[in-house]
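*Asks:* Here it is, the structure, as structure tokens.
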Amino acid sequence: MAEKSASFDPQIIATTCMRVVESTIQQMCNLTFSQSPQSVPRDIIEYDSRMRIFGMEIFNGPCYISVVNYYLTPKHLEDHDACGAFVLYLEEKVAGQLLKALFKGFDDDEESVMLDTCGQFCHILGENFKNEISKQGYLDLSMSAPQNYRNNCPEGVEFHYDEYIKYETSFYFWKEKAMAVDITLSPVPEK
């Protein structure tokens, strides 16, 4: 394992996220964006040592949220010592339509199924992002199982306390903002 940690250029995180989301969606269902994704840095709002997550701030309305965390090693995961977070938001009005396009046989009649499927999609995207960072020469991170919520995460999300910025990327389908991703990632050792 390498001793040296390198800070990420903010553009690496944002462009890697956009590329991973676009390629994952194309592989799963060949759906195309109705306009280019938009990424902006946002301050992390911390409360009780966790990153505050409110989906209503992203969409000004109800949404589904899923989160996976990144850890340098399995031991860090066990100790809840996160080095990053990947947060997926799906706008409620289009979540069913998007998940039906992505997952064959998906039925959006029950909220628990919506949350579980949102979590499954978050896991796929989070894993693909993690793998892409690893291909760029960084340590292969450990990842948590997804945690799923509606509208907000009451207890907040684990994150690395030295990070102050997250990168919010919005994705547009059917001529409206349908999905967003927040990513925060501390310096990760190179391989």
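Read-outs throughout are calculated quantities, based only on the coordinates presented, and are distinct from any laboratory measurement. Worth saying up front: this structure is predicted, and the values here are computed from it rather than measured. In this analysis, Cβ positions are derived from the backbone assuming ideal geometry, glycine residues included, and neighbour counts consider all displayed protein chains.
*Asks:* Counting other Cβ atoms within 10 Å of each Cβ, which trypsin sites (Lys or Arg not before Pro) in segment 54-159 have at most 15 and sit in a DSSP loop? Write out the running numbers ahead of the final one.
*Replies:* Numbers: sites: K75, K93, K100, K104, K130, K135, R150; in loops: K104.
Those satisfying the criteria are K104.
*Asks:* With +1 on each Lys and Arg Cβ and -1 on each Asp and Glu Cβ, how big is the dipole of segment 8-189 about its Cα centre, in debye rounded to the nearest 20?
*Replies:* On the way: 14 positive and 27 negative charges, 122 e Å.
Dipole of segment 8-189, to the nearest 20 debye: 580 debye.
*Asks:* Please check the chain for the longest run free of GluC sites (Glu not before Pro) that are loop-located per DSSP (anything but H, G, I, E, B) and have at most 16 other Cβ atoms within 10 Å. Please list the in-between numbers first.
*Replies:* Values: sites that count: E3, E110, E155.
The answer is 4-109.
*Asks:* Which lysines, on any chain, are close to K177 with Cα under 28 Å apart, when same-chain ones fewer than 8 places away are left out?
*Replies:* K93, K100, K104, K130, K166
*Asks:* As a footprinting exposure proxy, order T73, T16, T117 by other Cβ within 10 Å, with the fewest listed first.
*Replies:* On the way: T73 15, T16 20, T117 24.
The fewest-first ordering by Cβ neighbours comes to T73, T16, T117.
*Asks:* Neighbour counts of other C-beta atoms within 10 Å: give me H76, H160 arranged from fewest to most.
*Replies:* The order, fewest Cβ neighbours first, is H76, H160.
*Asks:* Is any residue of segment 136-150 close enough, with backbone N under 16 Å, to a label point placed 7 angstrom from the Cα of H80 along the Cα-Cβ axis, and if so, which?
*Replies:* 144-148
*Asks:* Same structure, new question: Using Cα springs under 10 Å in a Gaussian network model of the chain, which residue among N131, N69, N151 shows the largest mean-square fluctuation?
*Replies:* Evaluated over the chain, the most mobile residue of the options is N131.
*Asks:* For segment 39-191, what value does the Rg/Rh ratio take when both radii are computed over Cα atoms and Rh is the Kirkwood radius, given to two decimals? Show your work: numbers first, answer last.
*Replies:* Working: Rg = 15.1 Å, Rh = 15.7 Å.
Answer for segment 39-191: 0.96.
*Asks:* Moving on. Starting from the Cα-Cα distance between Y172 and L31, subtract it from 0.36 nm times their residue separation and give me the gain in nm to one decimal. Write down the numbers at each step before the final one.
*Replies:* Details: separation 141, 0.36 × 141 = 50.76 nm, distance 1.08 nm.
Taking 0.36 nm per residue and subtracting the Cα distance, the gain is 49.7 nm.
*Asks:* Would you compute, from DSSP H runs of 4+ residues alone, the mean residue ellipticity of the chain at 222 nm, taking -39500 (n - 2.57) per run and dividing by the full residue count, rounded to the nearest 500? Walk me through the intermediate numbers first.
*Replies:* Working: 5 runs with 66 residues, N = 191.
Using -39500 (n - 2.57) per qualifying helix, the result is -11000 deg cm²/dmol.
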